[in-house]
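Heads up, the thing below is written out as structure tokens.
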Amino acid sequence: MAREFQRGHKAKVSDLTAGTDLYVGVQIGGPGLTFDISCFGLDANEQLSDDRYFVFFNQPKSPEESIQLLGPQSGDTESFRVTLDRVPANIHKLSFTATLDGAGQMSQVGPGYIRVVAGGEEVVRYSFTGAEFSTERAVMLGDFYLKDVWRFAAVGQGFDGGLEALLKNFGGEVLEEEPAAPQQPEPQGATPGFAPPPQVAAPAPQFGAPAQPAPSFGAPVPAPAPAPAAPQHYAPPPQGSTPPPPSPSPQIHAAPTIAAPMHLVPGTVPPPAPAPYGQPPQQPPYGQPPQQPQFGRQPAPVPGQVPPPGAPAPYGQPAPYGQPAPYGQPQGMPQGGGGLHAAIQMYKELPTGQRWTSQNKQLVRVDLGAGGQPVLARQGSMVMYQGKVDFGYKGAGFAGRIVGNATGQEMQLMRCSGRGQVFLAENSAYLHPIELQGDGICVSAEHVLAFDESLQYEVRRIEGHGIPGGALFTMLFQGTGTVVVMTHGTPVVLPVTPTTFADSDAIVAWSAASQVIVSSQVRLRRNAYPGHSGESVNLQFRGAPGNFIVVQPYEV
Amino acid sequence: MNQQLAGYAPTPVAARMENHGSAMLKVAMATGQDLLARVGSMVAYEGFIQYEPNPPAVRQMARDWITGEGAPLMKCTGDGLLYLADYGANVVIVNLNNDAISVNGTNVLAFDASLQWGVERVKGLAKFAGQGLFNVKISGTGWVALTSRGTPVVVDCGSGEDETYVDPDALVAWSPNLKVKGKRSFKASSLIGRGSGEAFQMAFSGQGIVVVQPSEDSTDRLRARG
């Protein structure tokens, strides 16, 4: 029975499993991102006093083999074997970290996890998403640490500076020699000969294997993190035949075949050079015939070439569209590399294992087999299911109570029962599964997408003059289980202070312990615009510190 | 001002079709490489591009699809850069390599004119869903751009032991070699207005993939604009 850890949770390993021969799997990935996942063996002062205990792709095991790097397998981007009772006495902490290789930041990562498997059974898992991070470039995912006995902690702490900051954190004196350590493999890492495990995951043949759920874009590439070498920026080129070229030149073929929409957004990459668009320097006009002298110098690779991230002139500078050559560009391109499967690889279903999984920001998957309880969901929110799932009308017990209170405000639910996976979504709203462990949350009824039937819920009605429909309906959830809340846009979570107000149209949820007061303000200028009563309704929240409210950037 | 906006300048052309942001498609047009795109999807272009709405070849192929407003595809020819979008829907670019894909009619944004394509009704589902379930089967080697309201999910039908059931309004595309059938989950209780809201699904079985969007809004915005 796997336990779900949140950030900061800790437990004795002996409480999780009787075994000490553990498998640690890390899954982390994001479109266009590459990670180096490593394990630091730290001494009692949390310093990396012995760099033989820095286990990473170029040092796949510690001297006495108590920590071994196993490579990607079973859906994990990277995996380790840790034999806790063979870890030497001077090592007090094993810290598992992921560092970004190449461009990007941790907020771009998709849902991932670190898990511990003992005897073939997953015993603990700490799941995280990119939303927990921002501009970090390295993150400590989880620790085994020795405090009387070995314990496991879900850490989830990021470092802006990437691997260097991480190494600094683990001991200043190591800083001088440690950066040298990852750089040693550099010449080696660039040659295709080294690191067979990562190579296995990257090439295309894997795409065909239906049972392989591993999103391969997260596959580590044998390039050390601190090296600014650009080539592996788009690490796994879908065409399986091309090994990473040994030269540090930009990998020409990587870009065209990747259909990474969101993370190629130019807006996310700050342009290093002022190079404003709109003033293309010395750009030949459109109709200009190709006698332009540069044209002869345009070799084939130019159209496909991606400027290296460090290059000073990235966007819109010498305006490739201005030159006649790029229009016909597909000539130099590896047509069809990867094809259909490569293009949609990044949208692949995530591996199973949990009852609630965020497939992406707008889709959530519930595995009815895990836990066995039915799920109540908003009617019509099912977009897809696999397996034998029955969708039934959820009786009047709940709906009736609402209908009795108001007309046109009732919320229709359906009960999903059976075995299988159900994908739920509604109108591409952002979905946030919230796991309740005995605490309570109030959610505005129209923002509830689905919840476990095991939760106790009741409907509350907040009356107030001026609230559309006469009252605001909220559902109070208590108990143990998951509620999926939906918001339009990225919400903000505010702590409840003596002066916390929210628009009744934009409020999504609040912690159950806070008290709601309807406050109306009558403006002096009554007719701000036709149809407006001049009265605006706000909800004021009161509560002890620790309470919070969730507000969305959208007023229904 | 330019400094802040410079980040949104077009990136150098690297492929025939590229994403500019998540919701905009950039196509590098060249003579002889024509493109078929949804009417009304053009948001900008640079260069010399001509548009031919309702081209004869399309009219022939898409006559089932036509509902009196003309074929929903236009042929784009010329040299330049063409930007397409569909009301902020996510754009997914697929580079077909002798593959085939069946795309729901409203989710097609553009594809190379050199690809083989045809409009077909989903068998057995013709009378359903007000929009009519037309899908465009595209095969060959070339580029296709799909739209999806929200980030889509791709599910492998072969991995599940059972059939995969999809809400037709959320369906974007699927492998044509999958077997498709309709499934009605009416029960006695559903008939008296107490349905679960999920009365009808499409069932897929076999080896292949299904692409689903996280929204059940399948209205054809480009068409509705008129």
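Over the stretch A:78-117, all Cα pairs binned in 10 Å intervals from 0 give whole-percent P(r) values of 18, 43, 26, 13, listed from short to long. The Cβ shell under 12 Å around A:Leu42 holds other residues with a net charge of -4, Lys and Arg each +1, Asp and Glu each -1.
By count of other Cβ within 10 Å, fewest leading, how are A:His432, A:His92 ordered? Kindly include the intermediate steps, with their values, before the conclusion.
On the way: A:His432 21, A:His92 18.
With the fewest neighbours first, A:His432, A:His92 line up as A:His92, A:His432.
Remark: mean inter-chain Cβ contacts per residue of B:164-176 equal 4, using a 10 Å Cβ-Cβ cutoff to other protein chain atoms. Peptide packing: for B:8-19, A:10-21, the average count of neighbouring Cβ atoms within 10 Å per residue gives the ranking B:8-19, A:10-21, highest mean first.
How much net charge surrounds B:Lys75 when only the other residues with a Cβ under 13 Å from the Cβ of B:Lys75 are counted, with Lys and Arg +1 and Asp and Glu -1? So the surrounding residues net to -1. Peptide B:143-154 is shielded by partner chain Cβ atoms: per residue, an average of 6 of them sit within 10 Å of its Cβ.
Within the stretch A:1-141, all pairs of alpha-carbon atoms sorted by distance into 10 Å bins from zero give the percentages 12, 42, 38, 9, 0. The length gained on full extension between A:Ala18 and A:Arg81, counted as 0.36 nm times the residue separation minus their Cα-Cα distance, comes to 21.1 nm. Relative protection proxy for A:493-503, A:103-113, from highest mean packing down: A:103-113, A:493-503 (other beta-carbon atoms within 10 angstrom). For the peptides B:206-216, A:448-458, the ranking by mean Cβ contacts within 10 Å, running from highest to lowest, is B:206-216, A:448-458. Legend: mean number of C-beta atoms from other chains within 10 angstrom of residue C-beta atoms, peptide B:84-95, equals 4. Charge tally for A:Gln27 (other residues, Cβ to Cβ under 9 Å; Lys, Arg +1; Asp, Glu -1): -1.
Hey, fewest Cβ within 10 Å first, where do A:Glu349, A:Glu446 land in order? Don't skip to the answer; put the middle values down first.
Working: A:Glu349 24, A:Glu446 15.
Listed from fewest to most nearby Cβ atoms, that is A:Glu446, A:Glu349.
Throughout, read-outs are computed from the coordinates displayed, never taken from laboratory work. Predicted model, so just to flag it, every value in this text is computed and none were measured. In this analysis, Cβ positions are derived from the backbone assuming ideal geometry, glycine residues included, and neighbour counts consider all displayed protein chains.
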